[in-house]
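Okay, so here's the structure we're looking at.
Just so it is clear, none of the values below were taken in a lab; they were calculated from the coordinates. What you see is a predicted model, and the numbers here were worked out from it, not measured in a lab. Don't worry about glycine lacking a Cβ; one is built from the backbone with ideal geometry, like all the others, and counts go over all protein chains shown.
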Ligand SMILES: Cc1cc2nc3c(=O)[nH]c(=O)nc-3n(C[C@H](O)[C@H](O)[C@H](O)COP(=O)(O)O)c2cc1C
């Protein structure tokens, strides 16, 4: 049982922070499909302090998506503390610190996974943020910089000593990025040593994987990233599997269409007509995975920026008719 002030969660299923994806519309969709805790996209501590408009939009949270963790990255302990205080005003249940991002835009500037090369700095950042706010602070990290410098056990000890309340491990190194496998053995080993709750993450692509991660590692919660975007129903499927031992594997076409239209509506509502329309372009393929005619649908939708027109195309989408037109085009 995870018990952190207002946050009380029993073996939670958690939406991973994903830059460019875990915005309000996706979080509301995932809330509907059964996740227990949402992570925002990460935000840069300096951009929070300078009140960058796009960054402030990213730390906005709604009451209906709670509980929510807002994730922060940066390399200066003082700025991280100041940004954390601002973030606390947005009302999340948790502030999470990113010590795992391998992207050059983050680690290339000394933040995210780069801090795994400087554990005294990691310690100062954790202490500064923990002391700056009243709400619990968690941290998300990787195994270490590369295979020859795996330092996760030292990192985890520093988290505990500096007052971090919960941690997430994505057991790959920075150099690995997303290559190879997420080595759950480390989650299992760390769980045996750790006093704070441990969230396991990495390579959950079907409901059975989540159950296996709980059983194999004894972790306190599981976090799902890429598959949540590809299959937003995965949270409901995992819950059913845990509760009744089975789940609906093939989401029917009507449900796919319903949730896609709902996601489009939420995108327009919360991101605005243009941004919402453009952001949705990344997602149609996932909603209609393996549905005949989706290529044609996308082609038509991408030609329009008119929400009413796009909604009508989605509502009228009929795989059989669209499939025929695809065949005709090939001929
Ligand atoms: C597009 C994308 C964006 C990501 N952005 C973040 C981020 O902002 N913060 C973070 O801690 N991890 C980020 N991650 C990593 C995920 O949170 C997660 O740790 C990783 O994808 C492994 O989990 P998965 O196998 O379930 O996808 C991102 C991953 C992807 C694919």
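So what's the convex hull volume per residue for the Cα atoms of the stretch 164-315, in Å³?
155
Computed on alpha carbon atoms, what radius of gyration and Dmax characterise the stretch 253-330, expressed in Å?
Over the stretch 253-330's Cα set, Rg and Dmax evaluate to 12.0, 38 Å.
Over the stretch 2-244, what is the relative contact order in percent, taking alpha-carbon pairs closer than 8 angstrom and at least six residues apart?
18
For the stretch 69-143, what is the Kirkwood hydrodynamic radius in Å, using each pair of distinct C-alpha atoms?
Every distinct Cα pair counted, the radius reaches 12.1 Å.
Say each of residue 53 and residue 295 gets a label point 7 Å from the Cα, pointing the same way as Cα to Cβ; how far apart are those two points in nm?
Going by the 7 Å Cα→Cβ label model, 4.0 nm.
Cβ neighbours within 10 Å, averaged per peptide: list 12-21, 91-100 in order, most packed at the top.
So the order, starting with the most tightly packed, is 91-100, 12-21.
Nearest 5 is fine: what % of DSSP beta bridges in the stretch 2-244 come out antiparallel, could you say?
10
How big is the stretch 154-249 on each of its three principal axes, counting only the C-alpha atoms and giving the largest first in Å?
43, 29, 20
Given 10 °C and 1.306 mPa s, compute D for the stretch 77-216 with the Stokes-Einstein relation, Rh being the Kirkwood radius over Cα pairs; round to the nearest whole µm²/s. Don't jump to the answer; show the numbers that get you there.
Working: Rh = 15.4 Å.
Translational D for this selection: 103 µm²/s.
Quickly work out the residue 178-to-residue 262 label distance, labels modelled 7 Å from Cα along the C-beta direction, and quote it in nm with one decimal.
2.6
Show that you can apply the helix-only estimate: for the chain, add -39,500 (n - 2.57) for every DSSP H stretch of four or more residues, divide by all residues, and state [θ] at 222 nm to the nearest 500.
Calculated from helices alone, the mean residue ellipticity at 222 nm is -14000 deg cm²/dmol.
With a 10 Å radius around each residue's Cβ, average the other Cβ atoms per peptide and rank 151-162, 228-239, 123-134, highest first.
228-239, 123-134, 151-162
Find, to one decimal place in angstroms, the Kirkwood hydrodynamic radius of the chain, where the mean of 1/r is taken over every pair of different Cα atoms and then inverted.
20.7
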